[in-house]
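Working notes for the structure below.
The values are calculated or read from the model by the stated rules, or taken from the named source; none is laboratory data. Remember, predicted model here, so these are calculated numbers, not experimental data. Because the Cβ atoms are built from the backbone with ideal geometry, glycine has one as well, and the counts that use them run over all protein chains shown.
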Amino acid sequence: MSEPSAAVESLFDEANGHLAVGEIEESVPLYRKCVELDPQFFDGWHALGMALLKTGHKSEAIGAGMMATTLRPNDLLAWTALSQMYVSDGKIAEAEDAKGKARILSLGGKVVRE
């Protein structure tokens, strides 16, 4: 994976700044812009998903969480977050599946062979 551009990094830092002071709503459009400019930007997708979840946009959060797990299928935090997103949306079977993948990773296994 390539490194994000300076513009994407700058937007991401700005979004994180809003998040740090509790301005979650203000962070969402900045995270969206990050992944629009760089669709391969894992950190942007992950942060966008969590911000959307915290602002009540559950379906969109799940979509962003799925993008994060697609980009990094062996990332424990991404699967844990996706499980939380599914739980908040009442999708228990999907949440259990994501939790199972997180458990495999926490034990040193792999979801996808690299």
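General observations
- Residue within the range 90-98 that is in a helix (DSSP H, G or I) and under 25 Å from residue 15 (Cβ atoms) present: yes
- Exclusive hit being assigned to a helix (DSSP H, G or I), over 21 Å from residue 10 (Cα atoms) and among the acidic types (Asp, Glu), set 60, 114: 60
- Scanning the range 85-101 for residues that are surrounded by 16 or more Cβ atoms within 10 Å (Cβ to Cβ) and either among the hydroxyl-bearing types (Ser, Thr, Tyr) or over 24 Å from residue 17 (Cβ atoms) (or both) yields 86, 87, 91, 94, 95, 98, 99, 101.
- Pairs are defined by a Cβ separation below 8 Å, a sequence spacing of at least 6 or placement on different chains, a first member in the range 71-84 that is surrounded by fewer than 22 Cβ atoms within 10 Å (Cβ to Cβ), and a second member that is assigned to a loop (DSSP other than H, G, I, E, B); the pairs so defined are 71/1; 71/40; 73/111; 73/112; 74/110; 74/111; 74/112; 74/114.
- When 21, 28, 35 are checked against the criterion of being of a type outside the set (Asp, Glu) and surrounded by fewer than 21 Cβ atoms within 10 Å (Cβ to Cβ), a single residue qualifies: 21.
- Exclusive hit being touching a Gly at 6+ places or on another chain (Cβ under 9 Å), aliphatic (A, V, I, L, M) and at pLDDT 95 or above, set 35, 28: 35
- Residue match in the range 37-44 (condition: without any contact (Cβ under 8 Å) to a residue 24 or more places away in the chain and outside any loop (DSSP other than H, G, I, E, B)): no
- So residue 14, is it of a type in the set (Asp, Glu), more than 30 Å from residue 103 (Cβ to Cβ) and surrounded by 16 or more Cβ atoms within 10 Å (Cβ to Cβ): yes
Here's the yes/no breakdown for (1) more than 21 Å from residue 105 (Cβ to Cβ); (2) free of Cβ contacts under 8 Å to residues at least 24 places away in the same chain:
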| position | (1), (2) |
| --- | --- |
| 5 | yes, no |
| 11 | yes, no |
| 17 | yes, yes |
| 46 | no, no |
| 61 | no, no |
